[in-house]
Amino acid sequence: MHPSETFALSKPDVAYTLFCGEFKYQPDVFSRLEEAGDFAPWQVHWFPGNQGNKGYTPEQRKRSQEVIHHFKNYYYDSFIHSLFPESNENNYSAYTRSYTRVLDESAEVAGVNVGIKYMDLFLFPGNIALFSLRCEFPDATLDQITFLVNEIRNFKATDIQSILNRMKDLGYDQQLILANKLKAFTVIGSGQDFSQAYNEDHLLYDLSTCSPIGASVGKGKIPELKPSGSYLNSLIENNKLSVFDNWSALALFDTFTLLHQGEVDNFQWESNYFRLLYIHSIYVQCFLVDMERKFLLEDHQENLEEEFYHFDKYFNLKKISYNFLPQVIYEKIRYGLDLDDELELIKESIERDDRKEKERRDREEAANEKRINNALVLVAFLAVFSAVFDGAEWIYNLFTSQRGVAYDFFSGTFFFLILLGILFYFRRSGP
């Protein structure tokens, strides 16, 4: 038996996935949330010391606020404030909100029991809503887990979809979702030993790409999914994160997968790194994608440059932590999401939009200037005519005491010459 087959049939000690999706919420969502009463203000799901939130009571709510305050010892205030604004100050992040809905339900996906613990809802500027759904796989093998994660994130699990549909009153609609699949933040706790034939990198790849276990080495249910050696090596070299000996992770565009040896510290990985680093990064990605879409519409009415400026100031933060580990994880997540590429596209769009706007203003200013110049020339010619008229009258009065044909001829000739001059000027300075 190939080592990968052993892993495929093994059941990890801990296995859960935090599925994350995004949609555009309705402007009146805050009043709807208050009326429905299904969602309560967000609470920490795991407290320090790996203590789970058992009751989601007002007491636990108070403890959650203490944890958020405790985060300020490790993260910059600007980062914490972007996710947990303390007041309705007049800045871009002031109306960020987060909510929790306890579920404690179970669903059947492809004949396997899946535990659904809770749903979190995060409302961000730009009418962008993120939600996360914690799904546990208590009795599933690793091979089943990759299949289940793929089914759920592609909206193929009917029972899971019915749970998501409960958010329709808030504006959720699969047709309006900002991506074609859910993000998956998967945590696997396992104590198995690896071999050269199937090592940690192979398992990380299979889990992260939702491939049958063994596909990374040309084994398993679909050996044809084996990646090329150069592609696999590139992912491991650029997207893998390994700081301590007891865990490693792989950050890809649609998934973040943690492979942990021994007991998993759920407080760190779920309440800290997922809730802060991953959710924050997903919002940044959603905002950039939505902004690029608006720029491509060409007929947008919003001041997108101003909106991007506020977003860049309050959310697009490069340095977020006093400590090295959160910073390292944050940077790897952003790399996996290709945020730098998206940022470059937005900057190019802003520059292109600025050029078009400048060209439009220049054209309008040139046209206005030309109209003003023409008006001034006309006034100048009329002033000259008036002067000629007055001069002709003075000269005539100098030699005669009454007006006659000579006066009319003299002044008419000058008027005709001035009129020709006006027509000649406007013809030369035509459109």
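The values are calculated or read from the model by the stated rules, or taken from the named source; none is laboratory data. Note that the coordinates shown come from a computational prediction; the quantities given were computed from them, not determined experimentally. So basically every Cβ, Gly included, is an ideal-geometry build from the backbone, and we count neighbours across all protein chains shown. Remember, those area values only see protein heavy atoms, side chains included, never the ligands or the DNA or RNA. Shrake-Rupley method; radii C 1.70, N 1.55, O 1.52, S 1.80 Å.
Descriptive notes on the structure:
- As a summary of the residue check, TYR198 satisfies the conditions (1) open to solvent by 10 Å² or more (accessible area, probe 1.4 Å); (2) within 27 Å of GLU237 (Cβ to Cβ); (3) of a type in the set (Ser, Thr, Tyr) except for the one numbered (1).
- For TYR75, the conditions (1) closer than 18 Å to ASP312 by Cβ; (2) crowded, with 17+ Cβ neighbours inside 10 Å; (3) in contact (Cβ under 8 Å) with a residue 60 or more places away in the chain all hold with the exception of (1).
A quick yes/no check of all residues on (1) buried (at least 22 other Cβ atoms within 10 Å of the Cβ); (2) of a type outside the set (S, T, N, Q); (3) in contact with a helix residue (DSSP H, G or I) (Cβ under 9 Å, 6 or more places away or on another chain):
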{"residue": "GLY214", "(1), (2), (3)": "yes, yes, yes"}
{"residue": "GLY218", "(1), (2), (3)": "no, yes, yes"}
{"residue": "GLY229", "(1), (2), (3)": "no, yes, no"}
{"residue": "LEU235", "(1), (2), (3)": "no, yes, yes"}
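- Failed item, numbered, when ASN316 is tested on (1) assigned to a helix (DSSP H, G or I); (2) among the polar types (S, T, N, Q); (3) modelled with pLDDT of 85 or more: (1)
- Restricting the range 237-247 to residues that are in contact (Cβ under 8 Å) with a residue 60 or more places away in the chain and open to solvent by 50 Å² or more (accessible area, probe 1.4 Å), the residue that is nearest to the chain's Cα centre (by Cα): ASN238
- Flag for ASP340 being touching a Lys or Arg at 6+ places or on another chain (Cβ under 9 Å), open to solvent by 80 Å² or more (accessible area, probe 1.4 Å), closer than 23 Å to ALA129 by Cα and modelled with pLDDT of 85 or more: yes
- GLN261 being modelled with pLDDT under 95 and open to solvent by 50 Å² or more (accessible area, probe 1.4 Å): yes
- Among the residues of the range 13-46, those identified as part of a helix (DSSP H, G or I) and either on the phi > 0 side of the Ramachandran plot or among the charged types (D, E, K, R) (or both) are ARG32, GLU34, GLU35.
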